[in-house]
Amino acid sequence: MKLTLVDSTASQEDIAAGAAAAEALIQKRGFSIEFAYRAVMARTERKLFNRDAAKAWDDAEDEAIRVCYGDADDQTDDAVLGLA
């Protein structure tokens, strides 16, 4: 599974760099992308979920946006981490 930033106005190169950083963070925490994604989706649906995996997804999204946009917070309002 690969990641991307959805609803992003950034260049494809910046999105790819952000997605790569997000993937690396999730894997560094010991989770597969699929497991972290399922955890965050289960949380959204108010089902039982692995908190550490969902936190890894949340942190990966923050990292992807940081890598993609730097400190330009005004351009990140709509961008979210998603599956490619």
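The values are calculated or read from the model by the stated rules, or taken from the named source; none is laboratory data. This is a predicted model, so every value here is computed, not measured. Please note: Cβ atoms are built from the backbone with ideal geometry, for glycine as well, and neighbour counts cover all protein chains shown.
Considering ASP7, ASP14, ASP58, ASP71, the condition of being among the charged types (D, E, K, R) and in contact (Cβ under 8 Å) with a residue 60 or more places away in the chain is satisfied by ASP7 alone. Screening the candidates ASP52, ASP73, ASP58 for the property of being modelled with pLDDT under 95 and among the charged types (D, E, K, R) yields one hit, ASP73. For the condition of a type in the set (S, T, N, Q), outside any helix (DSSP H, G or I) and at pLDDT 95 or above, THR4 qualifies.
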